[in-house]
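Please read through the structure below; I'll follow up with questions.
The values are calculated or read from the model by the stated rules, or taken from the named source; none is laboratory data. Source: prediction; values computed, not measured. Cβ placement follows ideal geometry from the backbone for every residue including glycine, while neighbour counts extend to all protein chains displayed.
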Ligand code: AP5
């Protein structure tokens, strides 16, 4: 099974991808996480991406498409995957179509669903101020909705919880503008292909997972 999670910054894509990959037994590929690791490790890709990310802009398509090409070639993707944060522009979606036509369709992997998590911008602005992430493993928490067991400490690895640089209110505002202009048109792109399923954000993480699984017919 191959699945794309669409949604505004902070819609809950990463949170849901982590839960769904356990239920569906396929890996999650998050371009945001791959880029943050590259920035942290000071790789050439990380150096290229850092300024765009800090400013809440999209990293250029050619950089992202290269990353995805390499990642989809890895063995753990053979039975499918969940894409979180990719594609984010029409050229990225077209590149994905081309990559699939070349290789993965031959291996018999179906391209099943595109789930769009719907949530109003005002709710995002409020939610982002409470997000904390582990500086070591990247796990995501929320001070109220998804608190860690011990304040400031990651449940999974014991790492320190920090605020992401791009969660400053002004940067979030800009990321939302970029989302509406560059990424939201993908909803029509996939609706025309009969793949889009919209799921309303629910008051809890668990209820949103249930709504997504329901939309997937599981
Ligand atoms: P990326 O990391 O992909 O950021 P994003 O899409 O803006 O999404 P976020 O990670 O901010 O949010 P999310 O939807 O995963 O929400 P989360 O689950 O954390 O990308 C970062 C940057 O990298 C981009 O700005 C860009 O520069 C670059 N980039 C990445 N991919 C790219 C691409 N393809 N092309 C070009 N550039 C690219 O949830 C948010 C918070 O809400 C958490 O605190 C969570 O605990 C809480 N929460 C979640 N669900 C619920 C719920 N139902 N109820 C209450 N709280 C909830």
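Can you tell me which residues in segment 165-187 are under 16 Å from residue 112 (Cα atoms) and free of Cβ contacts under 8 Å to residues at least 12 places away in the same chain?
Here is the first cut: in segment 165-187, the residues under 16 Å from residue 112 (Cα atoms) are 186-187.
Those that are under 16 Å from residue 112 (Cα atoms) and free of Cβ contacts under 8 Å to residues at least 12 places away in the same chain: none in segment 165-187.
Every residue in segment 33-51 that is closer than 20 Å to residue 6 by Cβ and out of contact with any helix residue (DSSP H, G or I) (no Cβ under 7 Å at 6 or more places or on another chain), please. Before you say what the answer is, go through the steps one by one.
Going residue by residue through segment 33-51, those that are closer than 20 Å to residue 6 by Cβ are 33-36.
If the condition is that a residue be closer than 20 Å to residue 6 by Cβ and out of contact with any helix residue (DSSP H, G or I) (no Cβ under 7 Å at 6 or more places or on another chain), then 33, 36 are the ones that fit.
Can we say residue 138 is surrounded by 14 or more Cβ atoms within 10 Å (Cβ to Cβ) and not in a helix (DSSP H, G or I)?
Values: surrounded by 14 or more Cβ atoms within 10 Å (Cβ to Cβ): yes; not in a helix (DSSP H, G or I): yes.
Against the criterion (surrounded by 14 or more Cβ atoms within 10 Å (Cβ to Cβ) and not in a helix (DSSP H, G or I)), residue 138 qualifies.
Within segment 205-218, restricting attention to residues that are in contact with a helix residue (DSSP H, G or I) (Cβ under 9 Å, 6 or more places away or on another chain) and within 13 Å of the ligand (Cβ to nearest atom), which residue is nearest to residue 148 (Cα to Cα)?
From segment 205-218, those in contact with a helix residue (DSSP H, G or I) (Cβ under 9 Å, 6 or more places away or on another chain) are 205-206, 208-209, 212-213, 216, 218; that's our starting set.
Filter once more, so that each one left must be within 13 Å of the ligand (Cβ to nearest atom): 205-206, 208-209, 212.
Numbers: 205: 14, 206: 16, 208: 19, 209: 19, 212: 24 Å.
This residue is 205.
Return the residues of segment 188-203 that are away from the ligand (no atom under 13 Å from the Cβ), in contact (Cβ under 8 Å) with a residue 12 or more places away in the chain and either in contact with a strand residue (DSSP E or B) (Cβ under 7 Å, 6 or more places away or on another chain) or assigned to a loop (DSSP other than H, G, I, E, B) (or both); say none if nothing qualifies. Quick ask: steps written out before the conclusion?
Going through segment 188-203, the residues away from the ligand (no atom under 13 Å from the Cβ) turn out to be 188-198.
Next cut, in contact (Cβ under 8 Å) with a residue 12 or more places away in the chain only: 189-190, 195-198.
190, 195, 196, 197, 198, listed by residue number.
Which residue pairs have Cβ atoms under 9 Å apart, sit 6 or more places apart or on different chains, and have a first residue in segment 57-76 that is loosely packed, with under 13 Cβ neighbours inside 10 Å and a second that is in a helix (DSSP H, G or I) and modelled with pLDDT under 90?
Listed pairs, sorted by first residue: 73/103.
Go through segment 141-181 and give me each residue that's more than 8 Å from the ligand (Cβ to nearest atom) and touching a strand residue (DSSP E or B) at 6+ places or on another chain (Cβ under 6 Å).
148, 152, 154, 159, 161
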